[in-house]
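Below is one structure; the comments refer to it alone.
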Amino acid sequence: MAEEYLLQKGYKNILAIQGVPDSMPNKERVRGFREAIGVHGVSYKVVGDAFSVENGNREVLQAFAAGEKPAFDAVFAFSSTILLGAIDALRHLHLRPGKDVGIISYDNNGFLDFMDPAVTRVEQPLHDAVQIAVNTLFEIIAARRGGHPDPQPRQLLIPPTLVVRESC
């Protein structure tokens with residue numbers, strides 16, 4: 001969703017800053033990002049190694065340090081902590097998020113609406129995930145109390161939504 005939105009807005013060279021490369025959420029985000037971008041012939045680079053402010057800051061400073069003109073016209077932060085570091089680095093470089101460089105994030109934290117500019121982001125349906133986890137726990141408890149085997153493990157993907165704001 002985020003990549004398609006960036007493409008619709010005309011961004012052509014996207015820096016994606018990932019979290020911990022071996023974590024399942026990160027792997028899925030990178031896979032989805034590459035699938036969406038790959039079919040459009042847009043330039044991109046996936047960098048980073050942690051879901052941290054320091055990672056976002058470092059990767060933006062490195063990616064934008066080479067030239068006078070920004071090397072990337074958009075940044076996709078794979079978490080709100082990465083986003084905070086990326087925005088700090090852009091401002092250090094005198095680049096205005098939402099004006100000089102589009103920025104989008106994964107995670108929907110309420111504070112993102114209070115940033116300047118408010119940040120466009122992908123919202124994970126946490127309420128739905130918690131409800132599924134609680135229901136699964138009750139199923140396991142009921143099975144064990146009844147002397148039955150635990151339910152088969154399952155993995156569910158819950159579709160996110162895009163929250164559009166002014167950052168791209």
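Out of the residues in region 31-47 that are basic (Lys, Arg) and in a helix (DSSP H, G or I), which is surrounded by the fewest Cβ atoms within 10 Å (Cβ to Cβ)?
Let us first name the residues in region 31-47 that are basic (Lys, Arg), namely 31, 34, 45.
Then keep just the ones that are in a helix (DSSP H, G or I); that gives 31, 34.
Values: Arg31: 10, Arg34: 14.
Only one residue fits best here, namely Arg31.
Only one residue in Leu126, Leu137 is at pLDDT below 90 and open to solvent by 60 Å² or more (accessible area, probe 1.4 Å). Which one? Full working, then the answer.
Numbers: Leu137 fails: at pLDDT below 90.
Step by step, each of Leu126, Leu137 is checked, and only Leu126 is at pLDDT below 90 and open to solvent by 60 Å² or more (accessible area, probe 1.4 Å).
Residue check: is Leu7 over 20 Å from Leu162 (Cα atoms), open to solvent by 20 Å² or more (accessible area, probe 1.4 Å) and not in a loop (DSSP other than H, G, I, E, B)? Give the derivation first.
On the way: over 20 Å from Leu162 (Cα atoms): no; open to solvent by 20 Å² or more (accessible area, probe 1.4 Å): yes; not in a loop (DSSP other than H, G, I, E, B): yes.
No, not satisfied.
May I ask you to list pairs of residues, at least six apart or on different chains, whose Cβ atoms are under 9 Å apart, with the first in region 18-40 being more than 15 Å from Leu6 (Cα to Cα) and the second being among the aliphatic types (A, V, I, L, M) and surrounded by fewer than 11 Cβ atoms within 10 Å (Cβ to Cβ)?
Correct list of pairs: Glu28/Leu157.
Any residue at all in region 12-30 that's open to solvent by 70 Å² or more (accessible area, probe 1.4 Å), closer than 24 Å to Asp113 by Cβ and not in a helix (DSSP H, G or I)?
There is no residue in region 12-30 that is open to solvent by 70 Å² or more (accessible area, probe 1.4 Å), closer than 24 Å to Asp113 by Cβ and not in a helix (DSSP H, G or I).
Consider only pairs whose beta carbons are under 7 Å apart and that are at least six residues apart or on different chains; among these, list those whose first residue lies in region 78-104 and is of a type in the set (Asp, Glu) and whose second residue is outside any helix (DSSP H, G or I).
Asp100/Pro70
Name the one entry in Val46, Val30, Val39, Val20 that is under 20 Å from Val101 (Cβ atoms) and of a type in the set (A, V, I, L, M, F, W, C). Steps first, please.
Numbers: Val30 fails: under 20 Å from Val101 (Cβ atoms); Val39 fails: under 20 Å from Val101 (Cβ atoms); Val20 fails: under 20 Å from Val101 (Cβ atoms).
Sole residue among the options that is under 20 Å from Val101 (Cβ atoms) and of a type in the set (A, V, I, L, M, F, W, C): Val46.
The values are calculated or read from the model by the stated rules, or taken from the named source; none is laboratory data. What you see is a predicted model, and the numbers here were worked out from it, not measured in a lab. Virtual Cβ from ideal backbone geometry, glycine too; neighbours counted across all protein chains shown. Protein only, heavy atoms only, side chains kept; ligands, DNA and RNA dropped before computing areas. Shrake-Rupley method; radii C 1.70, N 1.55, O 1.52, S 1.80 Å.
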